[in-house]
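Report on the structure given below.
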Amino acid sequence: MTTPALPLEIVENIIDHCDRKTLAECSLVCSRWIARSRYQRFRCLLFIASKSVGDYVVDKFTFLHSTECTIPRYVKRVVILYDSSIEIARLLPTIALLTKTQSLVISSLPVSPKPADIEGGILDAIAQIFPDLRSLEMRCEDLSMKNPASFLSSFPNLENLDFRGKWTQTSNLQNEEDSSLSLCPPPASLRVLKVSNYFPELAHWFLQCRIFPNLTELTLENFILCATHPHLNICSFLNSLGPALKTLSLVERNKSRTFNPGMQ
């Protein structure tokens, strides 16, 4: 007498709550369990781009380059911890295999001296690898980008952006109609935006493009009110936001304010 098989949806729900060791064992049970087990086990990959680990990380993921490897199709989230842009560049051929990725995290490691800026060519390569990205987190407190507007506009389907860095856009803040920014519009699909350490340059980008029909949540940390550029005042900035906005959090120097526009 054979044991009745559980419905696949129940089996998959059980697999979803397994730890990594158990997931490895589940993937060996039968063909029906492989897809769900591998998805849960490999949906997030962590890469450490550090001089301290050298070739270890590069060698560790060489198996992904095999034509028989099916793991890349299951990877949905990639996390890159770095202290050297050179080490990120060495990982790019491997990361380029993960074309199904929908969420990307780039975070600097807490090392001394602080990590150098990520070179523009590396950021351009990342944008080309993940054109369909849905979520981007740049947790690089000391990252200084020369043209962040161009980089961020490379993801037309982006829904969630958490960007922590120093904005050094090369545009002229005195120019209210800067055509260079209008050529790099923010993703119209953006729903959640969290940024820190730059304003008024960010406001300048917003005011030039005015494309935020779906934005529901906005958090600005450590922003600076711009007295020297009247066209970048906070009222003009808020007026550029779309009608879908529900939550607005403003954190000025030593101040914090949270608004719920949809409830007023």
**Asked** Before we move on, is residue 46 within 26 Å of residue 133 (Cβ to Cβ) and in contact with a Leu (Cβ under 9 Å, 6 or more places away or on another chain)?
**Response** yes
**Message:** For segment 105-160, which positions are modelled with pLDDT under 85, under 21 Å from residue 185 (Cα atoms) and not in a helix (DSSP H, G or I)?
**Reply:** 144, 145, 146, 147, 153
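Residues are listed down the side, and each one gets a yes or a no for (1) of a type outside the set (S, T, N, Q); (2) within 22 Å of residue 163 (Cα to Cα); (3) assigned by TED's automatic domain parsing to the domain that holds residue 23; (4) touching a strand residue (DSSP E or B) at 6+ places or on another chain (Cβ under 6 Å):
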| site | (1), (2), (3), (4) |
| --- | --- |
| 35 | yes, no, yes, no |
| 48 | yes, yes, no, yes |
| 59 | yes, no, no, no |
| 66 | no, no, no, no |
| 74 | yes, no, no, no |
| 80 | yes, yes, no, yes |
| 83 | yes, yes, no, no |
| 89 | yes, yes, no, no |
| 95 | yes, yes, no, no |
**Prompt:** Can you name the residue in segment 32-66 that is within 30 Å of residue 17 (Cα to Cα) and polar (S, T, N, Q) and, of all such residues, is nearest to the chain's Cα centre (by Cα)?
**Reply:** 40
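Sort out which residues of segment 28-56 are assigned to a loop (DSSP other than H, G, I, E, B) and either loosely packed, with under 13 Cβ neighbours inside 10 Å or modelled with pLDDT under 85 (or both), and write them in order of number. Outline the logic, then answer.
Taking segment 28-56 and keeping what is assigned to a loop (DSSP other than H, G, I, E, B), we get 28-30, 43, 50-55.
Result: 28, 29, 30, 50, 51, 52, 53, 54, 55.
Name the residues in segment 161-194 that are modelled with pLDDT of 75 or more, under 23 Å from residue 248 (Cβ atoms) and not in a strand (DSSP E or B), would you? Break it down into steps so the answer makes sense when it comes.
Pass one, segment 161-194, residues modelled with pLDDT of 75 or more: 161-164, 184-194.
Applying the additional criterion that residues be under 23 Å from residue 248 (Cβ atoms) yields 161-164, 185-194.
Matches in segment 161-194: 185, 186, 187, 188, 189, 190, 191.
The values are calculated or read from the model by the stated rules, or taken from the named source; none is laboratory data. Computed from a prediction, not measured in an experiment: that's the story for all the values here. Quick reminder, even Gly has a Cβ in these numbers, built from the backbone with ideal geometry, and neighbours come from all protein chains shown.
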